[in-house]
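Inspection log for the structure reproduced underneath, given as structure tokens.
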Amino acid sequence: DTNLLDIYCEEVMETMDEKRNRILFVGLSCLDMVYVCNHFPEEDSDQRAVYNAWRRGGNASNNSTALMQLLKWKSCHDYEVEFFGTIAHDFPSDFLIKDFNENGIKIENIVRYEESQCPASTVIINAENGSRTIVHFNKNLPELKCESFSKLCFNKYKAIHFEGLRNVSEIRKMIAYVRQKDLKREIKISVELERAVDSLKDLLNDDIDIFFVEREFAKLMNYNTLEETINGIAERVQPNALVICPWGESGAQAIDNTDKRIHSSPAFTPKTGVQDTLGAGDTFLSATLFGLYALNYGLKEAIVLGCQVAGAKCGALGFQHLH
Ligand code: ADP
Ligand code: FRU
């Protein structure tokens, strides 16, 4: 009986003391069609780009890429990185899978949808200042359900990060599920609140260790400055949480709710000038987690590393030159 076998396997796995060395990113992977232009196009004009590439994008997918680069950089070979999300079954999706594999990112648990189309973004990078303008479209790829998430084998994970997407009620169920499974609280949970989506506010009430809060979401909460955001969010979340806010060219701040100390880091302007800011926030997030989890850094050191690595990312195209 498959059901009984599943239950048996689950029990055996839970009693096994596996090494918790895997960091999981839950969220989106999409196709980014990137064009670098000498200047931002006029509406209804026709200009030639100076560079074009297909990249594997999506926040959780970019987080995995950046973290993997950093683990390789510091020879942290004990760690593994996994991406978990939904993936369609078409030509661009094959490109994403190939790229995950080439980067050594685990994807054995992804949920495939035969009839769906791969979500895609057209990204225009302005070579004058590295700004990235994104037009994103998801025709019909469903978001992840807690039912799929609950099938993961949780004793592998050191940490699980959730990208705050539109499936907030499912994400909340996933977080509650981890807490219920992981009674010894060995798994760290982090979440990214990036977009101005009302339902994301619900996550502020949840049992989450680290909140990454970005400017668009801060605006939705009516916070106008970095200071207002840090203090306002810290008051709303649980008393042991860390709140971390990347703030573009102003760098980042973070607060540890246990002692209420606020830490700051400037941004680090790349020597080559700002070439490509696509995924700067995703890189900051991964480098900060890398500092906290793999290097045992304190909060201040971790956000400084986050800003240094994100700055290096802005100085070159893509994610291959993070240090
Ligand atoms: P997003 O990609 O989500 O818009 P942000 O703009 O908040 O992310 O940037 C994330 C981090 O990237 C910042 O904290 C900063 O350290 C770095 N960063 C962003 N823009 C620049 C820039 N122009 N120069 C140097 N660092 C930058
Ligand atoms: C960058 C990014 C892109 C993707 C878009 C989705 O943070 O993840 O790679 O196209 O955002 O909103």
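The values are calculated or read from the model by the stated rules, or taken from the named source; none is laboratory data. Computed from a prediction, not measured in an experiment: that's the story for all the values here. Every residue, glycine as well, gets a Cβ built from its backbone with ideal geometry; the counts of neighbours run over all protein chains shown. Accessible surface areas use protein heavy atoms only, side chains included; no ligands, DNA or RNA. Shrake-Rupley method; radii C 1.70, N 1.55, O 1.52, S 1.80 Å.
For GLY298, indicate whether it is surrounded by fewer than 24 Cβ atoms within 10 Å (Cβ to Cβ) and away from ligand 2 (no atom under 16 Å from the Cβ).
Answer is yes for this residue.
For the range 267-295, name all the residues that are more than 9 Å from ligand 1 (Cβ to nearest atom), more than 24 Å from ASP32 (Cα to Cα), small (Gly, Ala, Ser) and open to solvent by 20 Å² or more (accessible area, probe 1.4 Å).
Result: ALA294, single match.
Are any residues in the range 16-58 within 28 Å of ASP90 (Cβ to Cβ), in contact with a helix residue (DSSP H, G or I) (Cβ under 8 Å, 6 or more places away or on another chain) and open to solvent by 60 Å² or more (accessible area, probe 1.4 Å), and if so, which ones?
TRP54 - this is the single residue of the range 16-58 that is within 28 Å of ASP90 (Cβ to Cβ), in contact with a helix residue (DSSP H, G or I) (Cβ under 8 Å, 6 or more places away or on another chain) and open to solvent by 60 Å² or more (accessible area, probe 1.4 Å).
Restricting attention to the range 27-68, which residues are within 28 Å of THR288 (Cα to Cα), out of contact with any His (no Cβ under 8 Å at 6 or more places or on another chain) and of a type in the set (S, T, N, Q)?
Of everything in the range 27-68, those that are within 28 Å of THR288 (Cα to Cα), out of contact with any His (no Cβ under 8 Å at 6 or more places or on another chain) and of a type in the set (S, T, N, Q) turn out to be SER29, ASN59, SER61, ASN62, SER64, THR65.
Give the range 144-180 a look and list any residue that's in a loop (DSSP other than H, G, I, E, B), without any contact (Cβ under 8 Å) to a residue 60 or more places away in the chain and open to solvent by less than 60 Å² (accessible area, probe 1.4 Å), or say none.
Of everything in the range 144-180, those that are in a loop (DSSP other than H, G, I, E, B), without any contact (Cβ under 8 Å) to a residue 60 or more places away in the chain and open to solvent by less than 60 Å² (accessible area, probe 1.4 Å) turn out to be SER150, GLY164, ASN167.
For the condition under 19 Å from the mean Cα position of the chain (by Cα), over 18 Å from PHE162 (Cβ atoms) and more than 10 Å from ligand 1 (Cβ to nearest atom), what is the one hit in ALA218, ALA252?
Working: ALA252 fails: more than 10 Å from ligand 1 (Cβ to nearest atom).
Of ALA218, ALA252, the one residue that is under 19 Å from the mean Cα position of the chain (by Cα), over 18 Å from PHE162 (Cβ atoms) and more than 10 Å from ligand 1 (Cβ to nearest atom) is ALA218.
Hey, ARG185 hits all of (1) in a loop (DSSP other than H, G, I, E, B); (2) in contact with a strand residue (DSSP E or B) (Cβ under 7 Å, 6 or more places away or on another chain); (3) open to solvent by 40 Å² or more (accessible area, probe 1.4 Å) but one; which does it fall short on?
All conditions pass for ARG185, except number (2).
Looking at (1) modelled with pLDDT of 95 or more; (2) closer than 19 Å to CYS76 by Cβ, which is the only condition PHE319 fails?
(1) is the only condition that PHE319 fails.
For residues in the range 220-246 being within 11 Å of THR258 (Cα to Cα) and in a loop (DSSP other than H, G, I, E, B), which is nearest to ligand 2 (Cβ to nearest atom)?
ALA241
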